[in-house]
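For reference, the structure discussed in these notes is given below.
The values are calculated or read from the model by the stated rules, or taken from the named source; none is laboratory data. Model, not experiment: these values are computed from the prediction. Cβ: placed from backbone, ideal geometry, glycine included. Neighbour counts: every protein chain shown. For the accessible areas, the whole protein counts, side chains as well, though only heavy atoms, and no ligand, DNA or RNA atoms are used. Shrake-Rupley method; radii C 1.70, N 1.55, O 1.52, S 1.80 Å.
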Amino acid sequence: MKPSQASMRSSLGRVRGAGAARAGSHHFIATRVTSVALLVLAPWFAIAAALQVRSYSDAFEFLRQPLNAVAVTLLALVGLYHMMLGMQEVIVDYIAKPVMRAVLLMLNLFFCVLLAAAALWAVLQINFGW
Amino acid sequence: MSAAMTDTARDSRPDVRPPEMRPLSPHLQIWRWHATMAASILHRATGVALYGAAALLVVWLVLVASGPSAYALADAIFDHWFGQLCLYGVVAAIAYHAANGVRHLLWDVGAHLNPKHAEVSAWFAFLIAIAAPTALFAYFFFAERL
């Protein structure tokens, strides 16, 4: 931008380097795209589990069906990514202190990746373990 | 905007006060509650609640993978009335978050982005949040006895 152009940024904001990190579009689009997938996956799981799962053996057999195993894996991974993006938004909205914000963002990432790894292990164990 | 209006010129105008002097926007206690506001707040609240629900889904998967003796914990939770209540809440939260998410997807493409439709669709989202889990639980408890 030419210096003669009027900018919406204040002098202080420019010095501090505050403002858009230029990664917002990816966040916005990823939230929407994952939400469309979850619009199919989440109701499917709620209904299928309610109709078919009553006991341990029901749950085990349900998760050993190839289509169910794939769909549950997708639900877990896509859902966890979507909720990581959502919680990230909540954290940057409410937590102003830089260190606390960074720590919470990191915990959010770790927690979601941990859950994703556990979900993958569980589905693999049910289908290929023992 | 004229080229002469630089940041320095802007900041020296009498009506521009330093940040700490600027008026705050009215917060929750000030606003009259209305459907679209409740819908927005509830979307975030259910989103945060589903964060916990997703963790429970993964715990359920791990319990299934760990065998029948570990799954006794899941049975104990599902058999307890409080576990059922939580499960009902989770289904309601999914239904609401999904329904309200559709409102957002429509607005994102510019459809129905006006106060009247926003108001009506907010009530639809509340309705779905009540109807969907009720229907699912009614089916769960009564269908197989028919």
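If you roll a 1.4 Å probe over the heavy atoms of the protein chains, what accessible area per residue do you get for chain A, in Å²?
Ligands and nucleic acids excluded, the figure is 64 Å² per residue.
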Original post:
Top to bottom by accessible area (1.4 Å), largest first, where do B:Arg44, A:Arg22 land?
Top reply: A:Arg22, B:Arg44
Subject >> Whole-percent carbon and sulfur share, accessible surface of region B:35-145, 1.4 Å >> reply: 77 percent
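From the mean inverse distance of alpha carbon pairs (Kirkwood) and the Cα radius of gyration, derive Rg over Rh for region A:45-128.
We get a ratio of 1.13 for region A:45-128.
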Original post:
Hey, how much of the P(r) for the protein assembly as shown falls beyond 26 Å, as a percent of Cα pairs?
Top reply: 56 percent
Subject >> Calculated from backbone phi, Karplus (6.51, -1.76, 1.60) coupling profile of region A:82-89 in Hz, x at Gly/Pro >> reply: 4, 6, 5, 4, x, 5, 4, 5
**OP:** Would you work out if region B:86-131 is rounded, prolate or oblate? Take a ≥ b ≥ c from the square roots of the eigenvalues of the alpha-carbon gyration tensor; rounded if a/c is under 1.5, else prolate when a/b is larger than b/c, oblate otherwise.
**Re:** oblate
Subject >> Cα convex hull of region B:35-145 - mean projected area over all directions, nm² >> reply: 8.6 nm²
Original post:
What residues does region B:98-127 have that are buried by at least 40 Å² of accessible area in the full protein assembly compared to the chain on its own, 1.4 angstrom probe?
Top reply: B:Leu105, B:Asp108
Original post:
Counting only protein heavy atoms and using a 1.4 Å probe, what share of the accessible area of chain A belongs to carbon plus sulfur, as a whole percent?
Top reply: 71 percent
**OP:** Calculate the length of the line joining the C-alpha centroid of region B:75-122 to that of region A:1-80, in whole Å.
**Re:** 16 Å
**OP:** Just name one of B:His27, B:Tyr96, B:Tyr71: the one whose Cα is farthest towards the positive end of the charge dipole of the protein assembly as shown (beta-carbon charges, Lys/Arg +1, Asp/Glu -1).
**Re:** B:His27
Original post:
How big is the B/A interface in buried accessible area, both sides summed, 1.4 Å probe, to the nearest 100 Å²?
Top reply: 3300 Å²
